[in-house]
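Input: a single structure, listed below in structure tokens.
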Amino acid sequence: MIGGALEYFLQQLINGLTLGAVYALIAIGYTMVYGIIGMINFAHGEIYMIGAFIAVITFSILGIVGVTWVPLALLIVLIVSMIITGLYGWTVERIAYRPLRGSFRLAPLISAIGMSIFLQNYVQIAQGAKIKPLQPMIRGGIELIKGETFSVTISYLQLIIMAMTLVLMLGFSYLISATPLGRAQRACEQDRTMASLLGVNADRTISLTFVLGAVLAAVAGVMVSLYYGVVDFYIGFLAGLKAFTAAVLGGIGSLPGAMLGGLLIGLIEAFWSAYFSIEYKDVAVFTILVVVLIFRPTGLLGRPEVEKV
Amino acid sequence: MTVAERLKDAIMAAAVAALLALPLIGFETVDTGGPLGIKTRFDYIAYAAIVVFLGRLGMRIAFDWRRSYRERIVQAEPTNIDRKELLTVLGQKADKWLMPVMIGFAIVMPFLPFANRTVIDLGTVVLIYVMLGWGLNIVVGLAGLLDLGYVAFYAVGAYTFATLSMHFGFGFWETLPLAGLLAATFGVVLGFPVLRLRGDYLAIVTLGFGEIIRVILLNWQPVTGGPAGISGIPRPSFFGFPFSADPPEGATAFHQLFGLEYASIHRIIFLYYLILALALVTNLFTMRIRKLPVGRAWEALREDEIACTALGINPTNTKLTAFAIGAMFGGFAGSFFATRQGFISPESFSFIESAVILAIVVLGGMGSQAGIVLAAAFLTLLPEVAREFSLFRMLAFGAAMVLIMVWRPQGLLAHREPTMRLHPAGTKPGGGKP
């Protein structure tokens, strides 16, 4: 039975990493926005939900039109969902946050909560409150270890999710560290006024940050709609909460931190569900967040913040 | 802006709206049993685009008109007070004269001609939110701590009341302090580790705490009854005299005590006055504690934590008292909620409740007691008025939150003045306003 236990552990590891990859993609949106304008973009979970809805709708349309070759369908869905979700991210920033730049700290947060309520109900009205099912498209997987009682398998979908996340993360790190946009973004993060004085268009940079966050959330939404096969208008809240937890856990404002935090949250959730109780998995996630904050208030990879007078 | 520029701007906005609406409004998913079917609703996209086009055009014209109006005013009379300032000045005065008016109205309300059962019930709901708003105001408005999980303390109060009164036979007045005490204890336990941290972490931890409490309520079947909740919570009595048509043997009912005809509205009115009294106690407490050293320390901490530390204020302990006291009032309100409803379930304590209470505090203009009453009335009555459009009321609620923030980020009645001033206006040595 010891062998079986090890295989069970490995299987949970794979499941947890998949889940973590999704959380990491969403967490980047939180951490970037927090880094650049210091606000919790509460509506980000809803942006992810919209990404997932657009995926389900586009898949259904493609199914009706007759595009059934999976790689092509997936590509089209990804592009459509990324573009439109990115536009949603841009619009939300434009309407709800930009007019509030420079006002006191709680104002954008309240506006973000209002936006989140609005988007949730908007999707509920437009598409109905029922759970939307999606036919499984990518079936099968690779059997890694064949045990007597339990075999460890990694499905093709899990592989795609992990590979996709890895590619996006690498591309994103490159974007931040080596492109003019990334430079502008880092400059705005450090000192927005100074960056504007030196010719960086701060408003445009902030808008683009929101768009990039939304695009990554859209990818997460597409992946989740395929992985779970169901989407409803309420999925954004908990996923957003956990992704934000991931961002804080990794050290908010830090990109590698968001990735690490996402993976950790996914693993904690998977292992807790597997070994303890599935009902209390969210409690476990938040408890660990509190413990980390007590002993390492800046998160795992965050820099200590020195408050100046 | 020229006409052409305005038109171009509006067309751009309409194009964005059409693109946003295309997948989510343009296509409707239909359940067919198998793969989802799709119905198209392209006409809706056209409506959305037209509405956005006209709205954007109107907004541009209004803004330009207002700007030119302001410029003319400034040229003509340089010292003209900005009209927005008026509301701020109003906010500062409001606590002085608006509160007595509102309290007076609240006291006579049940006896006014239009007051039927529905109106009094609505008044009770508004007052519950007023009390919650005032309780949270201690935490958010005075101490400047962002609490996104206030509803957790409300839930703790409600479930404490339900458990104690059902299993141990405690009455309302015995349970009330215990519920408040337990909620305050939760506040201390939660606040102690996280109050040393920066404000944003507090926000997320309180948010997580709210979720934890909800999950526990859902799953701890033997005590909380799980998703079904607890029903049959004892109704309150008038200091030992029950409200019932035929009281149990040996007890005197309320209507017999006062020699009235039995009417079910007596209890409704009693509940209304009960929450009014509880809310007024919260208000009085807040107004008085603001003048005490600890209350002044809260406001000072909100403004500048480093300066406070330098002056020897212990930030963690000071914040902890605010957090615990806020939680305590949440617990009181929870007890009242439980006894009024007679039934509680985790559904009543979801995150949206926390968001509504926080919205009340912020819309009211952080720290303004009168503003909170107005915001509570607005936010609780808006969904009631819009009940016919029940599908759209939460949509309107979210949109209203965004719009009010954009229009007036400082809240309806702004009030962030320190309560104490070294030199009150006009008395500063050398004269003039400080």
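The values are calculated or read from the model by the stated rules, or taken from the named source; none is laboratory data. Quick caveat, the model's predicted, so the values are computed rather than measured. Cβ: placed from backbone, ideal geometry, glycine included. Neighbour counts: every protein chain shown. Side chains included, ligands, DNA and RNA excluded: accessible areas come from the protein's heavy atoms. Shrake-Rupley method; radii C 1.70, N 1.55, O 1.52, S 1.80 Å.
Protein-only accessible surface at a 1.4 angstrom probe places the residues B:Asp9, B:Asp43 in the order B:Asp43, B:Asp9, largest first. Peptide packing for B:315-325, B:223-233 was compared via the average number of neighbouring C-beta atoms within 10 Å per residue; ordered from the highest value, the list is B:315-325, B:223-233. What is the percent of Cα-Cα separations in region A:184-279 that go past 24 Å? Value for region A:184-279: 37 percent of Cα pairs lie more than 24 Å apart. Selection among A:Leu17, A:Trp69, A:Ala107 by position relative to the dipole of chain A gives A:Ala107 as farthest towards the positive end (Cβ unit charges, Cα centre).
Sort largest first and round to whole Å: the equivalent ellipsoid semi-axes of the protein assembly as shown, each the square root of five times a Cα gyration tensor eigenvalue.
Numbers: eigenvalues 368, 239, 156 Å².
Value: 43, 35, 28 Å, ordered largest first.
Loop-located chymotrypsin sites (Phe, Trp or Tyr not before Pro) across region B:146-235 with a Cβ neighbour count of 14 or fewer within 10 Å are B:Phe168, B:Trp220, with loop assigned by DSSP. Counting Cα-Cα pairs of region B:159-247 in 10 Å increments starting at 0 gives whole-percent bin shares of 14, 34, 30, 16, 5, 1. What the Cα atoms of region A:151-197 give is an Rg and a Dmax of 17.3, 60 Å. With the simple spin-label model, which puts each label point 7 Å out from Cα in the Cβ direction, the A:Glu143 to B:Glu384 separation comes to 6.5 nm. Each label was represented as a point 7 Å from its Cα along the Cα-to-Cβ direction; for B:Arg70 and B:Met99 these points are 3.3 nm apart. Compute, for region A:87-234, the length of the dipole vector about the Cα centre, with Cβ point charges of +1 (Lys, Arg) and -1 (Asp, Glu) only. Units Debye, rounded to 20. Result for region A:87-234 is approximately 340 debye, rounded to the nearest 20. Each of A:Thr149, A:Thr205, A:Asn41 was placed along the dipole of chain A (beta-carbon charges, centred on the mean Cα), and the one lying farthest toward the positive end is A:Thr205. Under a Cβ-only charge scheme (Lys and Arg +1, Asp and Glu -1), can you give me the dipole magnitude of the protein assembly as shown about the Cα centre, in debye to the nearest 20? With only Lys, Arg, Asp and Glu charged at Cβ, the dipole is about 1880 debye.
Rounded to the nearest Hz, the phi-derived 3J(HN,Hα) couplings of region B:4-14 under the Karplus curve 6.51 cos²θ - 1.76 cosθ + 1.60 (θ = phi - 60°) are 4, 4, 4, 4, 4, 4, 5, 5, 4, 4, 5, where x marks glycine and proline. Using the rule -39500 (n - 2.57) for each DSSP H run of four or more residues, divided by the residues of the protein assembly as shown, the 222 nm mean residue ellipticity is -23500 deg cm²/dmol.
The mean number of partner chain beta-carbon atoms within 10 angstrom of a residue's beta-carbon across peptide A:119-130 is 5. Solvent-accessible surface (1.4 Å probe) assigned to B:Glu303 amounts to roughly 100 Å².
Among the listed pairs A:Lys130/A:Lys281; A:Lys130/A:Lys242; B:Lys96/B:Lys291, those with a Cα-Cα distance over 19 Å are A:Lys130/A:Lys281; A:Lys130/A:Lys242. GNM on chain A, alpha-carbon springs under 10 angstrom: the most fluctuating residue among A:Ser254, A:Ser81, A:Ser103 is A:Ser103. Computed from the C-beta positions of B:Ala62 and A:Val167 and an R0 of 60 Å, the FRET efficiency is 0.80 to the nearest 0.05.
Which order, highest average first, do A:60-73, B:328-341, B:17-30 follow once you tally other Cβ atoms within 10 Å for each residue and take the mean per peptide?
Numbers: A:60-73: 13.4, B:328-341: 27.4, B:17-30: 19.6.
Those peptides, ordered most packed to least, come out B:328-341, B:17-30, A:60-73.
Shielding by partners for peptide A:278-286, expressed as the average number of C-beta atoms from other protein chains within 10 Å of each residue's C-beta, is 4.
As a size descriptor, the averaged projected area of the C-alpha convex hull of region B:335-399 was calculated at 5.3 nm².
Most tightly packed first, judged by the mean number of other beta-carbon atoms within 10 Å of their residues, the peptides A:120-126, A:161-167 read A:120-126, A:161-167. Ignoring the sites themselves, chain A has its longest run without trypsin sites (Lys or Arg not before Pro) in a DSSP loop having at most 16 other Cβ atoms within 10 Å at A:147-307. Which of rounded, prolate or oblate describes region B:282-394 when judged by the alpha-carbon gyration tensor and an a/c cut-off of 1.5? Prolate shape, in that a/c is at least 1.5 and a/b is the bigger ratio. The average projected area of region A:52-116, computed from the convex hull of its Cα atoms over all directions, is 5.1 nm². In the frame of its principal axes, region B:168-315 has Cα extents of 64, 41, 23 Å, reported largest first.
Find the eigenvalues of the gyration tensor of the Cα atoms of region B:120-181, then list the square roots of 5 times those eigenvalues as equivalent ellipsoid semi-axes, largest first, in whole angstrom. Walk me through the numbers on the way to the answer.
Details: eigenvalues 117, 50, 18 Å².
Taking √(5λ) for each Cα gyration eigenvalue gives 24, 16, 9 Å.
To one decimal place, what orientation-averaged projected area in nm² is obtained for the convex hull of the Cα set of region A:6-117? Orientation-averaged projected area of the Cα hull: 9.6 nm².
How far is the Cα center of region B:149-186 from the Cα center of region B:262-326, in Å? Computed from Cα coordinates, the inter-centre distance equals 18 Å.
Using every pair of separate Cα atoms, the Kirkwood estimate puts the hydrodynamic radius of region A:74-233 at 18.6 angstrom. When all protein chains stay in place and ligands, DNA and RNA are ignored, the 1.4 Å accessible-area order of B:Trp65, A:Trp272, B:Trp298, largest first, is B:Trp65, A:Trp272, B:Trp298. Between the listed residues A:Tyr122, B:Phe114, B:Ala370, the Cα displaced farthest toward the positive end of the dipole of the protein assembly as shown, a dipole computed from Cβ unit charges relative to the Cα centre, is found at B:Ala370. For the residues of B:344-354, the average number of beta carbons from a partner chain within 10 Å of their own beta carbon is 1.
Hey, if you drop one equal point scatterer on each alpha-carbon of chain A and run the Debye formula without solvent, what base-10 log of I(q)/I(0) do you get at q = 0.07, 0.14, 0.15 Å⁻¹? Cα-only, vacuum Debye calculation for chain A: -0.28, -1.09, -1.24.
Interface B-A: total buried accessible area of about 5600 Å², 1.4 Å probe, protein heavy atoms only.
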